[in-house]
Every structure is written in C-alpha cells, then in structure tokens.
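Before I ask anything, let me first share the structure, which is written out below as structure tokens.
The values are calculated or read from the model by the stated rules, or taken from the named source; none is laboratory data. In this text, all values refer to a predicted model and were calculated from it rather than measured experimentally. Ideal geometry is used to build each Cβ from the backbone, glycine not excepted, and the neighbour counts take in all protein chains shown. Please note that ligands, DNA and RNA were not included when accessible areas were found on the heavy atoms of the full protein model with its side chains. Shrake-Rupley method; radii C 1.70, N 1.55, O 1.52, S 1.80 Å.
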Amino acid sequence: MEERKQSRYVKLSKDQSPLEDITPGELNQPIQVPQLDVRKCPECRQPLPESYSPPADEPWTTGIFGCAEDRESCLTGLFCPCVLFGRNVERLKEDTPWTGPCICHALCVEGGISLAVATVAATSIFPAVDPGTVCLIFEGLMFTWWMCGIHTGQVRQSLQKKYHLKNSPCNACCVHCCLHWCALCQEHREMKGRLSDNLFSEMTVVNPPPVQEMKSTTEDKEIPETSSPNNNEHTEVEIQAV
C-alpha cells in the first residue's frame, strides 16, 4: 500500500491548545462599516443625505375650540360624530371607506352613551336595582370610552404625522378622551383646509403655441380625381411601346 501523504493540518492536543477560551459567538460579531452607517427614512428605509433635516412641526390652522368656524362639520360632529369620524378616516386613508369606521364609532361611543342614559333612567325608575350592577356597568362604559379615545387618538396621530402638526393642546389620545367632539371637528377642518379647492397654490399657466401653417410659393398643380364608386368618371392610362 502506498504511504499516505502527510496532512498539511496539525492536530492540537489539549496541552497545545491556546489558554484563552473563545466564547460561543465571539467570532460572529457584526462589523461596523462607516460608509453604511447612514441615516435612513423611518417609513421607506431609504438612505437620507447628510444635509437632510426633518421638517419642523407646524401649528394647527384652527384651534381646538374653533368649532363655530365651520358650521357644517360642527353640526355633523354634534349630532352624528360617527359620520364625521368616518369621513376623517376616509380622507386620511383613501383606501378605507368611511362606513367601517362610522359603524365602529357608532357601536362604541354612541352605543355606550345610550347604555349609560338607559342605566341612569332605570335606576331612577326602579330604585331596587342593585348598586353594584350599576357600578359595573359604568366601569365597563368608562373602559370602553378610554379604548375609543386611544383608537381615535391614533387616527389623530396619523394626521399629525402626515402634515407634521404639533400636539395641541396635549397628547392626541388625551385630547380625544377629554374633548372628543372638538377634536373631530378640528381634524375635519384641518384636512378640509389643506385639501380644499379654494386654497389654490401658485401655478404656472402655460398656453399652447399658435398653430403654424406651411404655405408654398409655387402654385399647386391640379391633381386628377381618382375613380370612386359614386363617380362615373374614369382615368384612362395609355401605354406606349418604346
């Protein structure tokens, strides 16, 4: 048998192994590359230039108590807040129809208010109602109200993020929990003012150039008429031998 070729690798014994132990994963640490350490957009994760600076937050065009500035949205938010909330969501998210948010708002907010009124009426008519049951009903209604405030506050935060608006007068969720109807009207006025056709931005009107006609200096020669089914005249062609 042929002798085995001597291996190029050296097998280390325990005595010859390095004294320092290597912990698992120590050699698989990520390497930081300065060229790749750039700021990225939080939405699309695209790299941003070094001179980029985030836009500053702008104030709202109308105040939280300016409901009387738009009578239509004021009346809608007072008597049908679910409809106004659905329209706000539809304008903010074009792919979402207004009916879904409207039904959700009607079940949670208007339904909760109706249940609270019915509970107060029942306790006044029937004094024998257990106070513990009434307390549980009101606790459930308060919890539902705060949950609705959080959901509608998230919609307000999306509006603030889209137009870079400040928290006015405080956090979005707190605004909806304490001033829900006023917040709905303010959001509607904000989007209506930014998307209204009455607020025209400066545009450059470009008129098309006049139509140019080419006129020849030579007299046009008469072109013989071709044969047509409605015309009895025929063009005769003579062929002569050369």
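Among the residues of the range 91-102, count how many are more than 10 Å from the chain's Cα centre (by Cα) and assigned to a helix (DSSP H, G or I).
Residues that pass the stated criteria total 4.
Name every residue in the range 91-107 that is at pLDDT 85 or above, open to solvent by less than 70 Å² (accessible area, probe 1.4 Å) and out of contact with any Gly (no Cβ under 6 Å at 6 or more places or on another chain), in order of residue number.
Passing the criteria: Leu92, Thr99, Gly100, Cys104, His105, Ala106.
Further question: Can you pull out the residues in the range 39-59 that are within 20 Å of Gln160 (Cα to Cα) and either loosely packed, with under 10 Cβ neighbours inside 10 Å or of a type outside the set (D, E, K, R) (or both)?
Start the filter on the range 39-59 by keeping residues that are within 20 Å of Gln160 (Cα to Cα), which leaves 41-44, 53-59.
Within the range 39-59, Cys41, Pro42, Glu43, Cys44, Ser53, Pro54, Pro55, Ala56, Pro59 qualify.
Next question. Does at least one position in the range 60-79 carry a residue that is open to solvent by 100 Å² or more (accessible area, probe 1.4 Å), modelled with pLDDT of 70 or more, outside any helix (DSSP H, G or I) and on the phi < 0 side of the Ramachandran plot? I'd like the intermediate steps shown before the answer.
Step one: of the range 60-79, the residues open to solvent by 100 Å² or more (accessible area, probe 1.4 Å) are 65, 69, 71-72, 78-79.
Imposing the further condition that a residue be modelled with pLDDT of 70 or more reduces the set to 65, 69, 71-72, 78-79.
Filter once more, keeping what is outside any helix (DSSP H, G or I): 65.
From what is left, the residues that are on the phi < 0 side of the Ramachandran plot are 65.
Yes.
Sticking with this structure for a sec: What tally of residues in the range 111-164 results from selecting those that are open to solvent by 40 Å² or more (accessible area, probe 1.4 Å), part of a helix (DSSP H, G or I) and β-branched (Val, Ile, Thr)?
Within the range 111-164, residues that are open to solvent by 40 Å² or more (accessible area, probe 1.4 Å), part of a helix (DSSP H, G or I) and β-branched (Val, Ile, Thr) number 9.
Thr152 - would you say it is at pLDDT below 85 and polar (S, T, N, Q)?
Details: at pLDDT below 85: no; polar (S, T, N, Q): yes.
Considered against the rule, which asks whether it is at pLDDT below 85 and polar (S, T, N, Q), Thr152 comes out as no.
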